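Below: the structure, in structure tokens.
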Amino acid sequence: MSVLFTSTPPNPPLAVWRHQTRYRIAAQQTAQALFDALDDDLRPLVLVLGLPADPAADLPIVVEPAEAGLAPELFAEAVAHGRLKELRGGPAYNASMEDGMSPEILKLRFETRGVRAAVQYTLEQFDKDSPHLHFSSWPVRLGDYYVITILQMERKPLKAYPSLRPDRYYTNGRPLASSLVEGALFRFNEECVKSLNEPEPGAGLLFRPRETDELLRAAGKSLLDTPAQALGADPTVAVLFYTLNTISSLRYEGGAGVGSLLLARRGHPNIEEVFALTCPTEMSDYRAVRKLLEMANADVHLLADGEKVYALGRQVGSYDASREDLFDINFVTHYTWELAHAGQVLMRARYGLPTLPRPRLNRAHFKRDLKRTFGMNNPEKGKRLWEVVLEASRQAKGTLLVITTEALAEADRLKLQCTLIEPVPLTPLITQLVTAIDGAVLLDPEGYCYSIGVILDGKASGHGTSTRGARYNSAVRYVESSPYPCLVVVVSEDGMVDVLTKESLAEERE
């Protein structure tokens, strides 16, 4: 989709090149869509930093937008320090990757690497007592300036998710992702650098932005390359992200794949083989691996080294998490799997799209949604509803809870496609019983239930998603069509829980 810009800001900032502000706005839109898809509490903000390539030149340092709080003086010595730093080498330096480069390109490569390190160090010092964290892209030389795209995100949600050890690299010196957010950050930075290196700098983001789902998949691939390399496998051969997606998509005699695969080198001290395969099965032999998965259970797992399945076995002893050489792949249900390390889920992939391991439910968010939808401020009522929703979220087969101010009228309107019951205040026990059958449970904000097994209706709005099932999409249609205030809790079979309101759906589309 092309991005159209119809006006120029009334007080344009100092500009390094003529598309600077338009580029920043387009980069902001890309970042917003990408990181909101992971966690909308990250609140990304894109800044553009222009550093004079010659520190002695009488040129100003440019920071846009100025109101973001990064003073230009912070970066006054960045280029000079970067040159000095790169002369001494860096942790990611690999001389073999520079073979065949001309002296001019080699000099620019060294200097660019050093400037980026100096800018990132400056940002880290600035962030020490800040609620935000800033991340620097690789500098791009435009005329007399180095142009750097900086991404600001909220510290608290960013640090809430588990991650692997940082500062690890591919053999060509590129950094490996330690988390899905970091993988997304790398992909975003790559898009920015690629766009700025075009003959018309920034044009790629302006007129040919990549789809958010495509960037997310690239981020997932980046994260899965980390365990592949930790196990001594070649990430370009293992392509674990795509391999695991394919295996999880396959059925065996009509059944979804459920079970675990442990990624570890053969002979790992925390792995015990139950029996070995005489001829290890290539991970790329998807159907064979899917068949082997049928033998896995809660105690016995497939064992693989990133490229081949070599045995079935179990984890034993006390694993030293600092080793980071033993990973769990949990196949949850059809086309859904998780990557975990030392008991912490790092990423979940559903229908090929990676997501962060969010909590099944967030009490603070639920309380906020009740207040926005029903104006509810009564702690006791909120607590009762929370207990009902919490119990419903444990329903293994999935379910729907529909909370609406007109529950009685809706029960009467839908009486031909539901089972009416005498109004009863829901308790965790009753919730467990009524969510055991197909269909939605209809209740009011007071917690009274009026009907069960409800088949929801609603007009198709085009705002559903093909990657989610019928239960989720019918809930979207109902919420958007309802003339009354309503909140729907969608519990999927794979354990995902979504709370849908008119406001939350509108925010997703913005």
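Odds and ends about this structure:
- Residues satisfying the stated conditions in the range 283-315, i.e. in contact (Cβ under 8 Å) with a residue 40 or more places away in the chain and outside any strand (DSSP E or B): Met283, Ser284, Tyr286, Val289, Arg290, Leu293, Glu294, Asp305, Gly306, Glu307
- Screening the range 430-446 for residues that are among the hydrophobic types (A, V, I, L, M, F, W, C) and more than 13 Å from Arg384 (Cβ to Cβ) and picking the one that is surrounded by the most Cβ atoms within 10 Å (Cβ to Cβ) gives Leu442.
Residues checked against (1) open to solvent by 10 Å² or more (accessible area, probe 1.4 Å); (2) touching a His at 6+ places or on another chain (Cβ under 6 Å); (3) in a loop (DSSP other than H, G, I, E, B):
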{"site": "Ala219", "(1), (2), (3)": "no, no, no"}
{"site": "Leu223", "(1), (2), (3)": "no, no, no"}
{"site": "Gln229", "(1), (2), (3)": "yes, no, no"}
{"site": "Gly232", "(1), (2), (3)": "yes, no, yes"}
{"site": "Thr243", "(1), (2), (3)": "no, no, no"}
{"site": "Leu262", "(1), (2), (3)": "no, yes, no"}
{"site": "Glu272", "(1), (2), (3)": "yes, no, no"}
{"site": "Ala276", "(1), (2), (3)": "yes, no, no"}
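- Options Ile105, Ile148: the member that is assigned by the TED database to the domain that holds Glu191 and either over 30 Å from Pro199 (Cβ atoms) or at pLDDT 95 or above (or both): Ile148
- Enumeration of residues in the range 188-217 that are assigned to a helix (DSSP H, G or I) and open to solvent by 20 Å² or more (accessible area, probe 1.4 Å): Glu190, Val193, Lys194, Phe207, Thr212, Asp213, Glu214, Arg217
- Tally, over the range 153-171, of residues that are within 30 Å of Leu14 (Cα to Cα), of a type outside the set (Asp, Glu) and open to solvent by 20 Å² or more (accessible area, probe 1.4 Å): 1
- Taking the conditions (1) modelled with pLDDT of 80 or more; (2) buried (at least 17 other Cβ atoms within 10 Å of the Cβ) in turn, Pro60 satisfies each one other than (2).
- Residue within the range 79-100 that is at pLDDT 70 or above, over 30 Å from Arg348 (Cα atoms), buried (at least 19 other Cβ atoms within 10 Å of the Cβ) and in contact with a strand residue (DSSP E or B) (Cβ under 6 Å, 6 or more places away or on another chain) present: yes
- Of all positions in the range 316-325, at least one carries a residue that is hydrophobic (A, V, I, L, M, F, W, C), assigned to a loop (DSSP other than H, G, I, E, B), in contact (Cβ under 8 Å) with a residue 24 or more places away in the chain and under 19 Å from Leu262 (Cα atoms).
- Of all residues in the range 385-430, those that are farther than 19 Å from Val491 by Cα and part of a helix (DSSP H, G or I) total 10.
Matching residues to (1) open to solvent by 10 Å² or more (accessible area, probe 1.4 Å); (2) assigned by the TED database to the domain that holds Glu446; (3) over 15 Å from Leu442 (Cβ atoms); (4) not acidic (Asp, Glu):
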position: Thr373; (1), (2), (3), (4): yes, yes, yes, yes
position: Met376; (1), (2), (3), (4): yes, yes, yes, yes
position: Lys383; (1), (2), (3), (4): yes, yes, yes, yes
position: Val388; (1), (2), (3), (4): no, yes, no, yes
position: Ser393; (1), (2), (3), (4): no, yes, yes, yes
position: Thr399; (1), (2), (3), (4): no, yes, no, yes
position: Val402; (1), (2), (3), (4): no, yes, no, yes
position: Leu408; (1), (2), (3), (4): yes, yes, no, yes
position: Ala411; (1), (2), (3), (4): no, yes, no, yes
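- Residue within the range 338-358 that is of a type in the set (Phe, Trp, Tyr), open to solvent by less than 10 Å² (accessible area, probe 1.4 Å) and in contact (Cβ under 8 Å) with a residue 24 or more places away in the chain present: no
- Residue within the range 313-328 that is farther than 27 Å from Ser179 by Cβ, out of contact with any Cys (no Cβ under 9 Å at 6 or more places or on another chain) and open to solvent by 60 Å² or more (accessible area, probe 1.4 Å) present: yes
The values are calculated or read from the model by the stated rules, or taken from the named source; none is laboratory data. Because the structure is a prediction, the values reported are computed rather than measured. Glycine also receives a Cβ, built like all others from the backbone with ideal geometry; neighbour counts cover every protein chain displayed. SASA here: full protein model, heavy atoms, side chains in, ligands and nucleic acids out. Shrake-Rupley method; radii C 1.70, N 1.55, O 1.52, S 1.80 Å.
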